[in-house]
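This report concerns only the one structure given below.
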């Protein structure tokens, strides 16, 4: 039995990388998807592909760092499908840099996207999920939220925060209101995340990490696994990394 079938799922950060692959996986398993990111062209292309392949998807351009955008996204989903079963907080930013280079503007961007963007999503869906008496909130974290390496202190800080957010949700919302709160923490994956890094001093770090990177498909399947659970079963915390990754 598939518990993904007929679920209405909001997926942020959906236009590429983990989000895009996850959307394809969930659509193939019968979910109705509302795709969200700031990349309208990417969203349209992905939505069209899913629908052409027999799935069901629509999209809404959304900046998750703007709480009004997130609320509008949730309202749009309710209008289109009548409910929200699952929110996957997939939007995120990974900008490695050394402390002494003080990329403060990048630190702020990561905090806004990786932490505040998640909080806005949680705030927007909780009233609907409480009313339904069920729901799932899946937060895409990182192995960097379980250990800290050179060049990713601030990024790790945002992902440690996500661990605390998810565990607090579990204690308050899962136990009391049947709203599952799940953290999926990928290791190094083969996406273009390193192309956004501006600090050249971390180039050796990136080079070493990319040697062991795994395909994003494996992370998508892991997210699909935690979504594909009955309401009385929750996978609390999953780490999925390359076998050869040391940390």
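Bear in mind that the values in this text are calculations on the coordinates, not laboratory data. As the structure is a computational prediction, the values presented were derived from the model and not from experiment.
Please determine, in degrees from 0 to 90 and to the nearest 10, the orientation of helix 17-28 with respect to the longest principal axis defined by the Cα atoms of the chain, where the helix direction is its Cα long axis.
It is inclined by approximately 30 degrees.
How far is helix 216-227 tilted off the main Cα axis of the chain, in degrees rounded to 10, range 0 to 90?
Result, in degrees: 40.
From the mean inverse distance of alpha carbon pairs (Kirkwood) and the Cα radius of gyration, derive Rg over Rh for region 16-57.
On the Cα set of region 16-57, Rg over Rh gives 0.92.
Step by step: find N for region 1-106, compute 2.2 N^0.38 Å, then divide the Cα radius of gyration by it. What's the final number?
Working: Rg = 15.1 Å, N = 106, 2.2 N^0.38 = 12.9 Å.
Against the compact-globule rule of thumb, the ratio is 1.17.
If you project the alpha carbons of the chain onto their three principal axes, what span does each projection cover, largest first, in Å?
Each principal axis gives a Cα extent; for the chain these are 49, 40, 36 Å.
State the Cα centre-to-centre distance between region 26-74 and region 121-151 in whole Å.
Taking the Cα centre of region 121-151 as reference, the centre of region 26-74 is 18 Å away.
What is the angle, in °, between the Cα long axis of helix 40-52 and the longest principal axis of the Cα atoms in the chain? Nearest 10 is fine, range 0 to 90.
Approximately 50 degrees, to the nearest ten.
Mean residue ellipticity at 222 nm from the helices of the chain, using -39,500 (n - 2.57) per DSSP H segment of n ≥ 4 over the full residue count, to the nearest 500 deg cm²/dmol?
Numbers: 8 runs with 100 residues, N = 247.
After summing the helix terms and dividing by residue count, I get -12500 deg cm²/dmol.
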